[in-house]
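The values are calculated or read from the model by the stated rules, or taken from the named source; none is laboratory data. Being a predicted model, the structure only gives us computed values, none of them experimental. Cβ: placed from backbone, ideal geometry, glycine included. Neighbour counts: every protein chain shown. Remember, those area values only see protein heavy atoms, side chains included, never the ligands or the DNA or RNA. Shrake-Rupley method; radii C 1.70, N 1.55, O 1.52, S 1.80 Å.
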Amino acid sequence: LLAQKSGADSITIHLREDRRHIRDEDLRNIKKKIKIPLNLEMAPTKEMLNIAIRHKPSFVCIVPEKRSEITTEGGLNVKKNAKFLSKIIEKLKKNQIRVSLFIEPKISDIKLSSKLGANCVELHTGRFCHLFNKNKKTKSVFSNLKKSAYYAKMLGLEVHAGHGLTYKSAYEIAKIKNISEFNIGHFIISESLFVGIKNSIKKFKKIINK
C-alpha cells in the first residue's frame, strides 16, 4: 500500500512453489487491497496456472524456479517448455490476463515467445548488472539487450527488463528506448531501509522516466 501511495505503477509478487517468498493468503490480501495492477510471477506449473486463473491478477510473468536458488537466477528455457508454455499462455489470455515470459536476451527465445502467444517479454538483465557492478566491460552485453529489445518490439511484443537493477544500472538500461517497463524489487526494498520506500521509488521513477 505504501509503494502504491509512493507512485509505483504496479506491484510484483512471486508466489513460489515452495512458498518461500509469500503465501497464498498474501496473494489474496494484496489483490483485494491494492488499486494498481498486480503482476504475479509464477513457475510454469498446473498448480500456479489454477491459482492465477482463480485470483485473476492483471499481469502474469512466467519465470523458472530452482529449489536451491535464493531468487530467480536466469531466463526460462523456452524451447524445452514450449508446448506447455503455449497452453498456459492461451488459458491466461482467455482469462484477460496479460502474459510476460522472463527470458534471456536471445533472438531465438524472443522469436519463440512471440510464436507462443506471449504479450510481453521481460529481458533478464542479470549479466549486464553483474558486469556493471564490478566495473567490467558491458558494451557487448548492453548492445545485445538493445538489439533484443528492438527485435521484440518489431515482433509486436511489449518489452520489459528486470533482475539485479540498481539506480546506476537502471539509468544505463533506461537509455534503451524500446523497454517500456522495469521490474525492480530487491534493490528498492533494501534501499528503503535507509531512505524509505517513498524516496526509493521516487528516485527510480525519476531515473527511468528521464
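ILE184 meets the conditions (1) of a type outside the set (Asp, Glu); (2) under 24 Å from GLU41 (Cα atoms); (3) modelled with pLDDT of 95 or more in every case but one. The failed one is (3). Which residue pairs have Cβ atoms under 6 Å apart, sit 6 or more places apart or on different chains, and have a first residue in the stretch 147-167 that is among the polar types (S, T, N, Q) and a second that is open to solvent by 10 Å² or more (accessible area, probe 1.4 Å)? Correct list of pairs: SER148/PRO105; THR166/PHE187.
Checking each residue in the stretch 106-132 for being within 13 Å of VAL159 (Cβ to Cβ), among the small types (Gly, Ala, Ser) and open to solvent by 20 Å² or more (accessible area, probe 1.4 Å) picks out only SER114. If you go through the stretch 1-24 and keep only what is open to solvent by 80 Å² or more (accessible area, probe 1.4 Å) and either at pLDDT 95 or above or out of contact with any Leu (no Cβ under 8 Å at 6 or more places or on another chain) (or both), you end up with LEU1, LEU2, LYS5, ASP9, ARG20, ARG23.
Considering only residues of the stretch 179-202 that are closer than 19 Å to SER100 by Cα and crowded, with 17+ Cβ neighbours inside 10 Å, which is nearest to the chain's Cα centre (by Cα)? Among residues in the stretch 179-202 that are closer than 19 Å to SER100 by Cα and crowded, with 17+ Cβ neighbours inside 10 Å, the one nearest to the chain's Cα centre (by Cα) is ASN183.
Matching residues to (1) assigned to a loop (DSSP other than H, G, I, E, B); (2) of a type outside the set (D, E, K, R):
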| position | (1), (2) |
| --- | --- |
| PHE132 | no, yes |
| ASN135 | yes, yes |
| LYS147 | no, no |
| TYR150 | no, yes |
| ILE176 | yes, yes |
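Among the residues of the stretch 154-174, those identified as closer than 15 Å to LYS205 by Cβ and assigned to a loop (DSSP other than H, G, I, E, B) are LEU165, THR166, ALA174. Whether a residue is open to solvent by 30 Å² or more (accessible area, probe 1.4 Å) and under 28 Å from ARG98 (Cα atoms) was assessed, and LEU155 passes this test.
Filtered by the rule that a residue be part of a loop (DSSP other than H, G, I, E, B), surrounded by fewer than 15 Cβ atoms within 10 Å (Cβ to Cβ) and at pLDDT below 95, the stretch 80-98 gives a lone residue, LYS80.
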